[in-house]
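Please read the structure below before turning to the comments.
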Amino acid sequence: MVCLCLPVLLLILYIIWDVNYFIRVIFTVGLGRLLQKKVKITDKTTIYGFCTTQDVDIFIRHMNNARYLRELDFARFHYYGLTGLYEEVKKTGGGAVQGASNIRYRRTIPIFNAYKVETKLIWWDEKAIYLEQKFVTVSDGFVRAIAISKQCITKVNVLELIAKFPGGENRPECPKELRLWLEASEISSQKLRGNKDD
């Protein structure tokens with residue numbers, strides 16, 4: 001009876017939750033913490049992936065657009081784990097939430113190809129950090145897609161938080177593409193708030 005209950009329980013879990021997502025998070029963060037040394041907050045972190053039949057679009061030839069965003073989650077969790085940033089945020093009673101993302105697809109990732117996702121902190125302000133994340137195919141080193149993610153840090157002054165970390169004492173100049181994207185986001189926010197000035 002117990003032998004029959006376990007497969008049924010697993011089937012129910014797979015139906016009502018995205019079990020693979022949680023397994024991948026545990027695997028990615030756990031292996032990072034066990035096998036990799038801590039890095040500075042301004043260092044680049046890297047995770048690896050492989051485009052399988054579960055990742056492809058309707059044509060079954062390359063990774064579908066939604067999978068890119070999912071992989072960005074894993075890369076961010078890995079970055080938080082290796083830098084110790086999330087632990088510091090939690091100590092101060094704060095949290096982190098995805099505020100916005102912008103992704104540009106340059107070339108598809110074909111099925112059965114290995115790739116890596118490189119994550120780097122490129123700027124921060126009082127309320128958020130901004131990560132640049134690149135999808136690079138391992139076979140040729142080509143940047144297949146590039147994304148900028150805005151991670152809103154709640155209940156924390158981000159400038160003070162980042163300054164606690166080695167390498168976070170001096171904020172770099174805001175990259176031009178990020179500045180323009182933030183301006184576009186603000187215009188969009190004004191429109192959604194019903195601002196008649198635009």
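Test residue 173 against the stated conditions and say whether it is among the acidic types (Asp, Glu), in a loop (DSSP other than H, G, I, E, B) and open to solvent by 50 Å² or more (accessible area, probe 1.4 Å).
yes
Considering only segment 15-31, I want to know if a residue exists there that is open to solvent by 70 Å² or more (accessible area, probe 1.4 Å), in contact with a strand residue (DSSP E or B) (Cβ under 7 Å, 6 or more places away or on another chain), outside any loop (DSSP other than H, G, I, E, B) and within 30 Å of residue 168 (Cβ to Cβ).
no
Given the residues 179, 144, which is the only one that is crowded, with 19+ Cβ neighbours inside 10 Å and either charged (D, E, K, R) or part of a loop (DSSP other than H, G, I, E, B) (or both)? Reasoning before the result, please.
On the way: 179 fails: crowded, with 19+ Cβ neighbours inside 10 Å.
The match here is 144.
Can you pull out every residue in segment 126-149 that is over 18 Å from the mean Cα position of the chain (by Cα), touching a residue at least 12 places away in the same chain (Cβ under 8 Å) and farther than 19 Å from residue 28 by Cα?
Those that are over 18 Å from the mean Cα position of the chain (by Cα), touching a residue at least 12 places away in the same chain (Cβ under 8 Å) and farther than 19 Å from residue 28 by Cα: 126, 139, 142.
Taking segment 80-125 only, how many residues are open to solvent by less than 60 Å² (accessible area, probe 1.4 Å), more than 12 Å from the chain's Cα centre (by Cα) and acidic (Asp, Glu)?
2
Results for (1) at pLDDT below 95; (2) more than 30 Å from residue 62 (Cα to Cα); (3) not in a strand (DSSP E or B), shown as yes or no for each residue.
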residue	(1), (2), (3)
119	no, no, no
139	no, no, yes
156	yes, yes, yes
168	yes, yes, yes
187	yes, yes, yes
195	yes, yes, yes
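Please indicate, with yes or no, whether at least one residue in segment 88-99 is touching a Leu at 6+ places or on another chain (Cβ under 8 Å) and in a helix (DSSP H, G or I).
yes
So which residues in segment 41-54 are loosely packed, with under 15 Cβ neighbours inside 10 Å and either modelled with pLDDT under 95 or over 18 Å from residue 121 (Cβ atoms) (or both), if there are any at all?
Selection gives 48, 50, 52, 53, 54.
The values are calculated or read from the model by the stated rules, or taken from the named source; none is laboratory data. These numbers were taken from a predicted model, which means no experiment stands behind them. Please note: Cβ atoms are built from the backbone with ideal geometry, for glycine as well, and neighbour counts cover all protein chains shown. We work out accessible area using only protein heavy atoms, side chains counted, and drop any ligands, DNA or RNA first. Shrake-Rupley method; radii C 1.70, N 1.55, O 1.52, S 1.80 Å.
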